[in-house]
1. Take the residues of the range 128-169 that are closer than 15 Å to Leu201 by Cβ and in a helix (DSSP H, G or I): which is farthest from the ligand (Cβ to nearest atom)?
2. Conditions: (1) assigned to a loop (DSSP other than H, G, I, E, B); (2) over 13 Å from Trp272 (Cβ atoms); (3) hydrophobic (A, V, I, L, M, F, W, C). Ile114 meets all but one. Number of the miss?
3. Of the residues that sit in the range 212-242 and are polar (S, T, N, Q) and within 9 Å of the ligand (Cβ to nearest atom), which one is farthest from the chain's Cα centre (by Cα)?
4. List every residue pair whose Cβ atoms lie under 6 Å apart, where the two residues are 6 or more positions apart in sequence or sit on different chains, the first residue falls within the range 262-284 and is free of Cβ contacts under 8 Å to residues at least 12 places away in the same chain and over 17 Å from Phe39 (Cα atoms), and the second residue, located anywhere, is part of a helix (DSSP H, G or I) and basic (Lys, Arg).
5. Pairs only if they're at least six apart or on different chains, beta carbon under 9 angstrom, first in the range 13-41 and free of Cβ contacts under 8 Å to residues at least 60 places away in the same chain and at positive phi, second of a type in the set (Asp, Glu) and loosely packed, with under 14 Cβ neighbours inside 10 Å; list them, first residue then second.
6. Does at least one position in the range 165-179 carry a residue that is within 18 Å of the chain's Cα centre (by Cα), more than 24 Å from Ala220 (Cβ to Cβ), modelled with pLDDT of 95 or more and of a type in the set (Asp, Glu)?
7. Of all residues in the range 170-211, count the ones that are within 11 Å of the ligand (Cβ to nearest atom) and not polar (S, T, N, Q).
8. Can you name the residue in the range 98-127 that is touching a residue at least 60 places away in the same chain (Cβ under 8 Å) and more than 14 Å from the ligand (Cβ to nearest atom) and is also nearest to Leu11 (Cα to Cα) among such residues?
Amino acid sequence: MSYNITGHTRLGGLLGTPVSHSISPMMYNETFRLLDLDFVYLCFDTAGADLAGLVKALRDMNVFGFNLTMPEKERILPFLDDLSPAARMIGAVNTVKNENGRLIGHNTDGTGYIRSLADHHYDITRGAMTLLGAGGAASSIAIQAALDGVPKLHIVNRRGRSWQNALRLADEINRSTSCQADVTDMADLNTLRCILEESTLLTNATSMGMAPNTELSPIADVSMFHPNLLVSDIIYNPRNTRLMQDAAAAGCVTCNGMYMLLYQGEAAFRIWTGMDMPVEAIREKYFSR
Ligand code: NAP
């Protein structure tokens, strides 16, 4: 592996904690190499860091931009100069572009997710969607699905930390888009069964089933699955979650979160450079199942 760092090389990176496991440096640096761009991308672990100071330093160093991961997606908001309309509705940012010293926040998690469905020939406007979770990733997916024309969105969360956010999301979507959104308590199994019956897409955006808790699934009653349901888990570790295994056994098509990760990166790259990422080469090298 050789990269030609010069006196003109522009820096970008990922802020969050933990970040050492991230695929992003490989994905972007390989893209820069393939397209002969004089950019480099590094990870910066923000544990114990002063985020305001870090952002000032990045601005002063004239970075081309950066990504945010947990727990910085919301904490970054006060340090930015402006937000895209979707990032404003979501209330979180995963991509920042430096536009001549002005830091503009975007959120590509939702667009990345919707783009990943196209690989399964699924059009978000086709039918009702049930979305499990109301945390950061779920917020991006909910808002983007509504902006992209999902007719009905059922948001399902436990009455926990994110319950109020679930209500806020449904309210924002009902006020600002043509999508009809509602909220269901995950413990209300009768309603869960009814909304799954009318849904053609089930998306798990909770962390239930993520390593190391791979035995967990947000849908314990497997009789709720039906073959017209695409079951999409945004978890990618493990690649085949318990939810996906149960749904596949019930005859559902399933997919994991690897391609959401790829396509949110593709969208971020386009925001920074205006160019298309060589997605097939990157998919083959880092995202093959
Ligand atoms: P988050 O903001 O912490 O949200 C987690 C969600 O899961 C919340 O709705 C939470 O409910 C719910 N939850 C957690 N444990 C639960 C349990 N035992 N029972 C029921 N609900 C539970 O996290 P996030 O950033 O949205 O990430 C969520 C998942 O998506 C993670 O597995 C992450 O790896 C994955 N992800 C994937 C991608 C991708 O590109 N593929 C991108 C981002 C995230 P409460 O808050 O109410 O407890």
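1. Looking at the filtered set, the residue picked out is Ala146.
2. Ile114 satisfies every listed condition except (1).
3. Asn213
4. none
5. So the pair list comes out as Gly16/Asp45.
6. Within the range 165-179, not a single residue is within 18 Å of the chain's Cα centre (by Cα), more than 24 Å from Ala220 (Cβ to Cβ), modelled with pLDDT of 95 or more and of a type in the set (Asp, Glu).
7. 8
8. Per the stated criteria, the residue is His106.
The values are calculated or read from the model by the stated rules, or taken from the named source; none is laboratory data. Source: prediction; values computed, not measured. Using ideal geometry, Cβ is built from the backbone for each residue, glycine included, and neighbour counts are taken over all protein chains shown.
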